[in-house]
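I have a structure here, written as structure tokens, and I will follow up with some questions on it.
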Amino acid sequence: MADLRTNPAIPRQMHATPRRMRAITESIGRDLERFSGENSNVARQIKLLAINASIEAARAGDAGKGFAVVANEVQRLSDMSSDIAVEFERNVLSRIALGRQISDSLVDQMEGARLTDLAQGLVQLIVRNLFERTADVRWWATDPALWQALQAPDAAAFSHAASRLAVINRFYTVYLDLVMTDSSGRIVASSNAAFDRKIRGTSLASEPWFRAAAKTASGDDYVVDQVQPSRLHDGRHAIVYATGIRENGLADGRLVGTLGVYFDWGKQGQSIVEKEAGLPPHVASRSTVMLLDGQNRVIAATRPELIFSNFALRATDNAPRGSYYASDGTIVAYARTLGYEDYDGLGWCGVVVQRTEAETDIRAELGLR
């Protein structure tokens, strides 16, 4: 049996995983089964020797009587050894078999549960972050510099509005840009000086977020677009949160324009899957962490080539969270957002796909037979 205390193949800092525990249990089981088989074989051999000794003692007559006593004692010890072997097999090996069943079950449960919790934590982290964006856009749309410029439009007023948006953007670095349009969808002010000159005057009348924001019933409403490359910002990935700008900044005022805030998704989304997952290198190397939108589009991933592809998530009975083993042997864990406050989370989902540890590699690392 492998000695885990002295085996030099065992690393000092062993990574504890359910599969490694199962490998150790399997190794103990195999060793005990081998021991039981060898012990039974020895008992049979002793019994044969005792029978042969008894026969030879009987043939020797009076001269063999003393040896017959020894042969009988050997026979008795052989029977005891056989009884012990049967008892060992009935009790110990049956428990080992039960332990193996439990170990297999725990591997399935613990691997899935651990990764599902990770997926849930990641999607909730970004959703809580984006909930704040819904508050930002509705608050900033009431800034006097914005509605005053739209109610009395001139170059100076729009310049002042752009300056005000630039100040906000300077302190809220999660935004790529803050864009103000008039009621027709024409951009009249932007917070990002690097893009302002190029995009000023551009019409966003056909943009889904503008059309939706222009239809909001009050200043309490907001709209959210999908994550996608922004045509205004050299294709950088963004998600737009937008609302209407209303006369005199009143929630029930007449709509005079819109405000769209471009959340810098490329930077923030990648940070969530790469840094916040916190996987150690030996686990990260066999894992893919992703965020999916409500249409199962990959919107962030530790493998950038997957971005905007569709991931065929196999969610049983539309379960909000769970795990399963894919046909290639990888484990897929997922968790849909729970939303946050009055933000429904858009049906986003966190997903972790992990290649399981090979049993042969585990045994080699742990020095198990």
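Read through the list (1) acidic (Asp, Glu); (2) buried (at least 16 other Cβ atoms within 10 Å of the Cβ); (3) under 18 Å from the mean Cα position of the chain (by Cα), then give the number of the only condition that residue 276 fails.
Residue 276 satisfies all of (1) acidic (Asp, Glu); (2) buried (at least 16 other Cβ atoms within 10 Å of the Cβ); (3) under 18 Å from the mean Cα position of the chain (by Cα) except (2).
Does any residue in region 208-234 that is over 22 Å from residue 269 (Cβ atoms) come within less than 6 Å, Cβ to Cβ, of a residue that is surrounded by fewer than 19 Cβ atoms within 10 Å (Cβ to Cβ) six or more places away or on a different chain, and which pairs are these?
210/185; 218/251; 218/252; 219/251; 220/251
Determine, yes or no, whether residue 206 is among the hydroxyl-bearing types (Ser, Thr, Tyr), surrounded by fewer than 18 Cβ atoms within 10 Å (Cβ to Cβ) and part of a helix (DSSP H, G or I).
no
What number of residues within region 232-242 are surrounded by 20 or more Cβ atoms within 10 Å (Cβ to Cβ) and either farther than 22 Å from residue 201 by Cβ or touching a Gly at 6+ places or on another chain (Cβ under 7 Å) (or both)?
Of the residues in region 232-242, 5 are surrounded by 20 or more Cβ atoms within 10 Å (Cβ to Cβ) and either farther than 22 Å from residue 201 by Cβ or touching a Gly at 6+ places or on another chain (Cβ under 7 Å) (or both).
Could you list, in sequence order, all residues of region 254-280 that are farther than 23 Å from residue 211 by Cβ and in a helix (DSSP H, G or I)?
Selection gives 266, 267, 268, 269, 270, 271, 272, 273, 274, 275, 276.
Next up: May I ask you to verify whether residue 194 is of a type outside the set (S, T, N, Q) and either at pLDDT 95 or above or under 20 Å from residue 143 (Cα atoms) (or both)?
no
What number of residues within region 258-313 satisfy the criterion of being touching a Lys or Arg at 6+ places or on another chain (Cβ under 8 Å), within 30 Å of residue 161 (Cα to Cα) and not charged (D, E, K, R)?
So the count comes out to 3.
Looking at residue 56 and the list (1) among the charged types (D, E, K, R); (2) in contact with a helix residue (DSSP H, G or I) (Cβ under 6 Å, 6 or more places away or on another chain); (3) at pLDDT 65 or above, which single condition is not satisfied?
(2)
On to the next question. I need a count of the residues in region 311-345 that are outside any loop (DSSP other than H, G, I, E, B) and under 17 Å from residue 296 (Cβ atoms).
13
Consider residue 240 against the criteria (1) in contact (Cβ under 8 Å) with a residue 60 or more places away in the chain; (2) in a strand (DSSP E or B): it satisfies all of them except one. Which criterion is unmet?
The single condition residue 240 does not satisfy is (1).
So, of the residues in region 141-184 that are in a strand (DSSP E or B) and in contact with an Asp or Glu (Cβ under 7 Å, 6 or more places away or on another chain), which turns out to be surrounded by the most Cβ atoms within 10 Å (Cβ to Cβ)?
Filtering region 141-184 for residues that are in a strand (DSSP E or B) and in contact with an Asp or Glu (Cβ under 7 Å, 6 or more places away or on another chain), the one surrounded by the most Cβ atoms within 10 Å (Cβ to Cβ) comes out as 176.
Which condition from (1) at pLDDT 95 or above; (2) more than 15 Å from residue 130 (Cβ to Cβ); (3) not hydroxyl-bearing (Ser, Thr, Tyr) is the one that residue 321 breaks?
(1)
Out of (1) farther than 30 Å from residue 113 by Cβ; (2) polar (S, T, N, Q); (3) at pLDDT below 75; (4) surrounded by fewer than 17 Cβ atoms within 10 Å (Cβ to Cβ), what's the single condition that is false for residue 78?
Exception for residue 78: condition (4).
Exactly one of these conditions fails for residue 308: (1) buried (at least 18 other Cβ atoms within 10 Å of the Cβ); (2) closer than 19 Å to residue 269 by Cα. Give me its number.
Looking at each condition in turn, residue 308 falls short on (1).
The values are calculated or read from the model by the stated rules, or taken from the named source; none is laboratory data. None of the values given here were measured: they were computed from a predicted structure. We place every Cβ from the backbone using ideal geometry, glycine too, and count neighbours over all the protein chains shown.
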